[in-house]
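*Asks:* Have a look at the structure that comes next, please.
The values are calculated or read from the model by the stated rules, or taken from the named source; none is laboratory data. In this text, all values refer to a predicted model and were calculated from it rather than measured experimentally. Ideal geometry is used to build each Cβ from the backbone, glycine not excepted, and the neighbour counts take in all protein chains shown. All accessible areas refer to the heavy atoms of the entire protein, side chains included, with ligands and DNA or RNA removed. Shrake-Rupley method; radii C 1.70, N 1.55, O 1.52, S 1.80 Å.
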Amino acid sequence: KWFVTFLPLPNGIPSHDTFGRVFARLDPVAFERCFLDWMTRLAKRPFGRLVAIDGKTLRGSFDTAAERSPLHLVSAWCEQNQTVLGQWATAAKSNEITAIPELLELLDLEGAVVTTDALGCQTAIAEKIVSRNADYVLQVKGNQPKLEAELQALFDECRRADPYAVPSVMFEEVDKGHGRVETRRCWMTTRIDTLPGRENWASLASAVCVESIRRSGAREQRERRYYISSIGALDAQRMLERVRGHWGVENGLHWCLDVGFDEDRRRIRQGHAAENFSRLSRIALNLLKQERTNKHGLKTKRLRCGWDHDYLLTVLTQGD
């Protein structure tokens with residue numbers, strides 16, 4: 001009765017199989033363009049916003065009979081808005097390296113700062129980000145061994161306490177809680193003339209080192225991570241915020257999809273259904289996160305949507 005106030009349904013509510021056939025046949029590229037158009041109108045676009053790019057595998061979408069591996073999706077997450085800006089499926093027998101530029105091409109990134117993990121540290125991805133009028137912060141690990149080794153040597157020089165050390169800026173913060181103390185230090189420098197292949201990285205302007213020291217009782221863990229960036233303004237505190245903000249995609253998106261939507265156990269796998277239904281989950285996640293009158297978790301919000309038509313209407317009309 002509630003649905004017919006919005007939609008003409010002369011034959012009643014469609015069956016389970018009808019929904020299945022629609023999602024299996026719906027063109028995922030066309031659906032993504034509709035999603036991006038909706039997000040462009042819904043999300044605010046503050047200058048300097050952080051857009052984190054990361055991938056997630058839908059573990060339940062494998063199809064043994066069809067010899068199909070689980071679907072892997074690359075998502076763009078806006079930390080300030082707590083919303084998914086877009087997603088793109090990796091091609092069969094491919095990986096995130098080819099999917100990330102395709103996703104970036106669809107997004108409005110002007111004035112944004114794009115972050116990726118080490119897999120996204122590629123010259124082509126850096127060039128694509130710059131071509132979209134955005135800046136980048138890319139993590140450097142073993143997939144760029146020469147660059148990583150040079151960054152390690154560079155910041156060993158930065159940390160030297162003498163007048164001949166490489167000039168840099170440093171910021172330190174300390175967190176205490178849950179029985180442990182974590183100290184984070186961030187060094188940032190624009191003296192990057194010695195970096196190998198520097199000319200291959202579009203608009204490369206600075207290098208960054210983040211050191212984390214975790215102490216719990218007598219136990220101590222120390223980790224250093226290295227980054228390259230197109231941002232030339234020396235602000236180590238702001239850079240540390242960006243580096244830490246990247247992992248919001250894990251807590252704000254991937255964890256919510258696994259716990260709030262039980263995505264990994266979903267056995268949808270026919271045609272394009274897995275990709276399309278995952279996009280529908282991200283639409284629902286965006287709407288539920290934008291609705292802030294209810295302070296409960298995602299599962300409770302979803303249940304209330306099923307019980308309370310007035311609340312469901314409030315969620316569905318976010319941004320209208």
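*Asks:* Being modelled with pLDDT of 90 or more and within 28 Å of A66 (Cβ to Cβ) narrows it down to one residue among L303, L312, L257; which is it?
*Replies:* Residue meeting the stated conditions: L257.
*Asks:* Scanning for something open to solvent by less than 50 Å² (accessible area, probe 1.4 Å), more than 14 Å from L253 (Cα to Cα) and not in a helix (DSSP H, G or I), does the range 78-86 turn up at least one residue?
*Replies:* Scanning the range 78-86 turns up no residue that is open to solvent by less than 50 Å² (accessible area, probe 1.4 Å), more than 14 Å from L253 (Cα to Cα) and not in a helix (DSSP H, G or I).
*Asks:* Please count how many residues of the range 281-318 are hydroxyl-bearing (S, T, Y) and assigned to a helix (DSSP H, G or I).
*Replies:* 4
*Asks:* Hey, can you tell me all the residues within the range 211-226 that are within 25 Å of D193 (Cα to Cα) and either open to solvent by 10 Å² or more (accessible area, probe 1.4 Å) or part of a helix (DSSP H, G or I) (or both)?
*Replies:* R224, R225, Y226
*Asks:* Can you pull out the residues in the range 98-124 that are in a helix (DSSP H, G or I) and farther than 22 Å from T40 by Cβ?
*Replies:* T98, A118, L119, G120, T123, A124
*Asks:* Can you tell me which condition L36 does not meet? The list is (1) assigned to a loop (DSSP other than H, G, I, E, B); (2) open to solvent by less than 90 Å² (accessible area, probe 1.4 Å), and all the others hold.
*Replies:* That leaves (1) as the condition not met.
*Asks:* Filter the range 110-155 down to residues that are polar (S, T, N, Q), touching a Phe, Trp or Tyr at 6+ places or on another chain (Cβ under 9 Å) and within 17 Å of L85 (Cα to Cα), then give me how many there are.
*Replies:* Number satisfying all stated conditions: 2.
*Asks:* I've got another one for you. Tell me yes or no: at least one residue of the range 240-263 is in contact with a strand residue (DSSP E or B) (Cβ under 9 Å, 6 or more places away or on another chain), under 24 Å from D17 (Cβ atoms) and open to solvent by less than 50 Å² (accessible area, probe 1.4 Å).
*Replies:* Yes, the conditions are met somewhere in the range 240-263.
*Asks:* Same structure, new question: Out of everything in the range 180-210 that is in a strand (DSSP E or B) and out of contact with any helix residue (DSSP H, G or I) (no Cβ under 9 Å at 6 or more places or on another chain), what residue ends up being most open to solvent (accessible area, probe 1.4 Å)?
*Replies:* For the range 180-210, the residue satisfying everything is R180.
*Asks:* Quick one: count up the residues across the range 154-175 that are at pLDDT 90 or above, hydrophobic (A, V, I, L, M, F, W, C) and surrounded by 12 or more Cβ atoms within 10 Å (Cβ to Cβ).
*Replies:* Number satisfying all stated conditions: 5.
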